[in-house]
Amino acid sequence: MFNTKTVSMRSKIVAGNWKMNNDCNETKNLVKGIRKAIKRLPLKNTRALVAPTFVNLTTAIKRAKKSKVEVVAQNMHQENSGAFTGEISADMLKSIGVKTVIVGHSERRSLFGETDEILAEKVNKAIEKGLEVIFCFGEQLEDRKANNHFTVVQNQLEKGLFHLEAIAWNQIVLAYEHVWAIGTGETASPEQAQEMHAFIRKLVQEKHTTSVADNTSILYGGSVKPSNAQEIFSKPDVDGGLIGGASLKVEDFKAIIKAI
């Protein structure tokens, strides 16, 4: 339905979202293991990212120093400071060396009530502070069954990102989460991933330019494993993955990175 071409200008990215997993020692060991595992991989134009919990970011950054592993944050608050108990600001992340933050993950939307309007504010703050944003979005099962998935994705992009000027897209990475196929028993095919990714790139092109669209990395979020990574990543508009459970195992994460 939608066809676009891959260009070499945009990065390939494999990002491991560790969610609420790993204590301090487990974080040290996992970063050490990944660092060693990918040390000799030829990661030309490919980035390997890991997102530990807030309390282990500094530990991970120290362990990843002078390696091919980049440490990113799972979330941030949209205000600079204030009476927001339990929250973390962009400046706090920057002060420990974080350069990239995930915004809008499906769990933040569904479990913590983050709306498109809140996410737009978070994006604005991250861009203002010079952080790169991995912006997550995607449809639920009922949207897919109602054949409403393209509309839902378009609305999320328009409300969360399309207010940005073209220059700001240098700081944007997109992560499409096929939420409808995560833990539902349903299966998303590589062809379905490509169809949606091509649609997304076309939306960016129509909003800005072909150049902006061609230079924006679009990651596939959810259910990427060593067994299916190569087939998924072979699709022309899939530029990598936002990886959940498989990123918690060194050999699985290494295999997915090698697949790209």
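So the values come out like this:
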{"quantity": "Criterion: under 22 Å from Lys12 (Cβ atoms) and in contact with a helix residue (DSSP H, G or I) (Cβ under 9 Å, 6 or more places away or on another chain) - qualifying residue of Val152, Val133", "calculated": "Val133"}
{"quantity": "Selection within region 88-125 - crowded, with 18+ Cβ neighbours inside 10 Å and assigned to a helix (DSSP H, G or I)", "calculated": "Ala90, Leu93, Ser106, Glu107, Arg108, Arg109, Ile118, Leu119, Ala120, Lys122, Val123, Lys125"}
{"quantity": "Any hit, region 90-97, residues being hydrophobic (A, V, I, L, M, F, W, C) and in contact with a Phe, Trp or Tyr (Cβ under 8 Å, 6 or more places away or on another chain)", "calculated": "no"}
{"quantity": "Pair list, Cβ under 8 Å, 6 or more apart: region 230-256 residue touching a residue at least 24 places away in the same chain (Cβ under 8 Å) and within 17 Å of Ser106 (Cβ to Cβ), other residue hydroxyl-bearing (Ser, Thr, Tyr) and part of a strand (DSSP E or B)", "calculated": "Gly241/Tyr220; Leu242/Tyr220"}
{"quantity": "Residue check, Leu141 aliphatic (A, V, I, L, M) and more than 17 Å from the chain's Cα centre (by Cα)", "calculated": "yes"}
{"quantity": "Scan of region 52-87 for residues that are without any contact (Cβ under 8 Å) to a residue 40 or more places away in the chain, assigned to a helix (DSSP H, G or I) and surrounded by 13 or more Cβ atoms within 10 Å (Cβ to Cβ), ordered by number", "calculated": "Phe54, Asn56, Thr58, Thr59, Ala60, Ile61, Lys62, Arg63, Ala64"}
{"quantity": "Leu49 vs. criteria at pLDDT 95 or above, assigned to a strand (DSSP E or B) and aliphatic (A, V, I, L, M)", "calculated": "yes"}
{"quantity": "Filter result for Glu132 (closer than 18 Å to Leu219 by Cβ, at pLDDT 95 or above and surrounded by fewer than 21 Cβ atoms within 10 Å (Cβ to Cβ))", "calculated": "yes"}
{"quantity": "First in region 96-122 and farther than 18 Å from Val55 by Cα, second anywhere and of a type in the set (Val, Ile, Thr) and modelled with pLDDT under 95, Cβ under 8 Å, 6 or more apart", "calculated": "Ser106/Val179; Ser106/Ile182; Ser110/Val179"}
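So that you can scan it fast, the table gives a plain yes or no per residue for (1) buried (at least 21 other Cβ atoms within 10 Å of the Cβ); (2) under 20 Å from His149 (Cα atoms); (3) not hydrophobic (A, V, I, L, M, F, W, C):
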{"residue": "Ala175", "(1), (2), (3)": "yes, yes, no"}
{"residue": "Ser189", "(1), (2), (3)": "no, yes, yes"}
{"residue": "Leu203", "(1), (2), (3)": "no, yes, no"}
{"residue": "Lys207", "(1), (2), (3)": "no, yes, yes"}
{"residue": "Ile218", "(1), (2), (3)": "yes, yes, no"}
{"residue": "Gly221", "(1), (2), (3)": "yes, yes, yes"}
{"residue": "Lys225", "(1), (2), (3)": "no, no, yes"}
{"residue": "Ala229", "(1), (2), (3)": "yes, no, no"}
{"residue": "Lys249", "(1), (2), (3)": "no, no, yes"}
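The values are calculated or read from the model by the stated rules, or taken from the named source; none is laboratory data. Bear in mind that the values here come from a model prediction, so they are computed numbers and not experimental data. Every residue, glycine as well, gets a Cβ built from its backbone with ideal geometry; the counts of neighbours run over all protein chains shown.
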